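Structure first, commentary second.
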Amino acid sequence: MSEITAEQVAHLANLARIALTEDEIAHLTTELGQIMQAVEKVGEVATPDVAPTSHPIPMQNVFRADVVGDDDVLTAEQAVAGAPEADGSRFVVSAILGEEQ
């Protein structure tokens, strides 16, 4: 793969409508070159017999069944019993979006 040039970086910045100084272009040229080298190294080891993965170990969801039980279910009154303010079966909280109460 060819090396990233300052002209390419300047062109990409222009396409993205990003104003860069000459120092920033020089810095990004070096950084993008290093990134491209790293991508090339990954490409060298990515062979057809190696499956692409997003995680190094297999993962699965570990959700439990959503089953209502009699032992661990709170009533609305029990849920709000320890609240600083409650209105029947509802929590009372301060408004946070502009209107004062």
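Within the option set L97, L15, L28, L74, being at pLDDT 95 or above and loosely packed, with under 10 Cβ neighbours inside 10 Å holds for one residue only, L15. For region 1-18, the set of residues classified as farther than 18 Å from E40 by Cβ, among the hydrophobic types (A, V, I, L, M, F, W, C) and more than 27 Å from the chain's Cα centre (by Cα) consists of A6, A10, listed by residue number. Set side by side, the residues V80, V39 differ, and just one is within 26 Å of the chain's Cα centre (by Cα) and not charged (D, E, K, R), which is V39.
Given the options L15, L20, L74, name the one that is free of Cβ contacts under 8 Å to residues at least 12 places away in the same chain and under 30 Å from A95 (Cα atoms).
Working: L15 fails: under 30 Å from A95 (Cα atoms); L20 fails: under 30 Å from A95 (Cα atoms).
Step by step, each of L15, L20, L74 is checked, and only L74 is free of Cβ contacts under 8 Å to residues at least 12 places away in the same chain and under 30 Å from A95 (Cα atoms).
Regarding region 44-63, can at least one residue be identified that is outside any loop (DSSP other than H, G, I, E, B) and either closer than 30 Å to V9 by Cβ or aromatic (F, W, Y) (or both)? Can you show your working first?
Going through region 44-63, the residues outside any loop (DSSP other than H, G, I, E, B) turn out to be 44-45.
Imposing the further condition that a residue be either closer than 30 Å to V9 by Cβ or aromatic (F, W, Y) (or both) reduces the set to 44-45.
Looking for residues that are outside any loop (DSSP other than H, G, I, E, B) and either closer than 30 Å to V9 by Cβ or aromatic (F, W, Y) (or both), one finds at least one in region 44-63, hence yes.
Residues that are without any contact (Cβ under 8 Å) to a residue 40 or more places away in the chain, surrounded by 10 or more Cβ atoms within 10 Å (Cβ to Cβ) and of a type in the set (F, W, Y) do occur in region 83-91.
The values are calculated or read from the model by the stated rules, or taken from the named source; none is laboratory data. Note that the structure is a prediction, hence the values are computed from the model and not measured. In this analysis, Cβ positions are derived from the backbone assuming ideal geometry, glycine residues included, and neighbour counts consider all displayed protein chains.
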